[in-house]
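> Please see the structure below; I have some questions.
Quick note: the coordinates plus some simple rules give every number you see, no bench work behind them. Because the structure is a prediction, the values reported are computed rather than measured. Methodologically, a virtual Cβ is constructed for each residue, glycine included, from the backbone with ideal geometry; neighbour enumeration extends over all protein chains shown.
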Amino acid sequence: MLNKAWQLYIGTILLEVNRHGEGKTPTYQVSEWTNRFAKDGFDGMELWEYHATLAGPGEAAALQTSAFPTAIYNSYASMDEAGRNDRERATAWVKRLSPWGIKFNVGKKFEDREIYIATLRGWRDQLPNEVCLLCECHPGSIIDDPTAAKLFFDELNIEGWGIIVHPLNRLESLQAWFDTFGSAIMHAHLQMRTDDRTVIRFDRRPDRTKEAVRIMREAGFKGSCSFEFTEGMNTRDENINDLWDNTLSDLAYLEEILSS
């Protein structure tokens with residue numbers, strides 16, 4: 001039986017072919033896919049913020065009333081003064097959609113470390129208490145390794161935060177993240193890449209996928225995972241149907257490992 005201690009979400013960015021394009025204008029309406037998300041086995045979605053903020057009023061209303069939950073709101077607001085309006089917009093959407101978590105990133109400038117800390121303390125006060133601030137400790141940020149992240153959150157000293165890990169494409173550091181943060185690791189972004197950074201299906205590197213699951217299980221992980229990217233992205237003929245087919249293959253393969 002599938003280990004449902006892990007909630008499995010679809011990241012709506014995965015199907016968005018304009019995820020890195022100019023203006024971030026969405027190419028599909030998430031509300032038209034939510035029935036399919038539920039039918040094919042996902043427990044909720046991590047909503048790419050532009051699928052809300054750049055949607056029309058009809059789509060916004062559909063997202064707000066959808067029976068398929070927005071579990072995590074994926075924000076790209078910067079943690080400085082320049083990101084104030086983006087954070088306020090994200091806060092408003094969180095209050096409309098009632099996710100349990102909001103994803104954020106810390107910046108790349110070590111000299112702005114205290115600004116990031118002060119900003120996060122202020123944002124924590126503005127967000128609903130029940131919403132968890134989920135830090136994607138992204139490569140290139142000032143907290144992209146466990147030691148730096150631990151020092152940062154010790155100084156931050158707030159309630160209601162958690163860590164996002166990248167088990168498949170950052171497997172080599174996964175154990176160190178769990179050793180440092182334990183149950184504070186609440187969410188995972190799933191994507192598999194080759195050495196040249198090409199995104200591939202999970203079953204193309206089975207040993208790596210199984211090892212990541214083993215580490216997470218042995219660490220007692222009982223959080224959630226979002227399918228973030230899949231094979232077919234950033235290719236000349238990228239299209240939403242192939243991306244979805246590959247996502248279902250990844251979901252089936254992960255479920256097979258979890259049920260063993």
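> Peptides 35-42, 113-120: what's the order by average Cβ count within 10 Å, highest mean first?
Peptide ranking by packing, descending: 113-120, 35-42.
> Then there's this: In the chain, what % of DSSP beta bridges are antiparallel (nearest 5)?
Within the chain, antiparallel bridges account for around 5 percent of the total.
> Taking residue 95 as the anchor, which lysines have their alpha carbon closer than 20 Å to its alpha carbon, excluding any fewer than eight residues away along the same chain?
Result set, ordered by chain and number: 103.
> Then there is this: Among all the lysines, which ones have a C-alpha under 22 Å from residue 39's C-alpha, if same-chain residues fewer than 8 places away are not counted?
4
> Between the DSSP loop rule and a limit of at most 16 other Cβ atoms within 10 Å, which chymotrypsin sites (Phe, Trp or Tyr not before Pro) in the range 51-105 are left?
When the chymotrypsin sites (Phe, Trp or Tyr not before Pro) of the range 51-105 are filtered for loop state and at most 16 Cβ neighbours within 10 Å, 76 remain.
> Return the whole-Å distance between the Cα centroid of the range 211-260 and the Cα centroid of the range 81-100.
Going from one Cα centre to the other spans 28 Å.
> Can you order the peptides 238-246, 173-181 by their average number of other Cβ atoms within 10 Å per residue, highest first?
Top of the packing list down: 173-181, 238-246.
> With every atom except the alpha carbons ignored, what do you get for Rg and Dmax of the range 7-258, in angstroms?
Computed over the Cα atoms of the range 7-258, radius of gyration and Dmax are 17.5, 47 Å.
> Would you order 257, 185 from fewest to most other beta-carbon atoms within 10 Å of each residue's own beta-carbon?
Numbers: 257 17, 185 22.
Starting with the residue having the fewest Cβ neighbours, the order is 257, 185.
> Moving on. Relative to the Cα centre, what is the charge dipole magnitude of the range 7-258, using +1 at the beta carbon of each Lys and Arg, -1 at the beta carbon of each Asp and Glu, and rounding to the nearest 20 debye?
Here the size comes out at about 260 debye.
> To continue, here is another question. Which of rounded, prolate or oblate describes the range 46-113 when judged by the alpha-carbon gyration tensor and an a/c cut-off of 1.5?
It is prolate, given that a/c is not under 1.5 and a/b is the larger ratio.
> Here is a further query. Please list, or write none, the aspartates and glutamates whose alpha carbon is within less than 19 Å of the alpha carbon of residue 150, excluding same-chain residues fewer than 8 places away.
111, 112, 114, 136, 159, 172, 179
> While we're here: How large is the Rg to Rh ratio of the range 101-172 when both quantities use alpha carbon positions and Rh follows Kirkwood?
For the range 101-172, the value is 0.95.
> Turning to a different aspect of this structure: For Cα pairs less than 8 Å apart in space and 6+ apart in sequence, what is the mean separation divided by the residue count of the range 7-258, i.e. the relative contact order in percent?
18
> Oh, and also: Using a 10 Å cut-off around each Cβ, can you sort 31, 249, 260, 183 from fewest to most neighbouring Cβ atoms?
The most exposed by this proxy come first: 260, 183, 249, 31.
> Highest GNM mean-square fluctuation, the chain, Cα pairs closer than 10 Å: which of 220, 162, 21?
21
> Cut-off is 10 Å between beta-carbons; in what order do 80, 237 appear when sorted fewest neighbours first?
Ordered by Cβ neighbours within 10 Å, fewest first: 237, 80.
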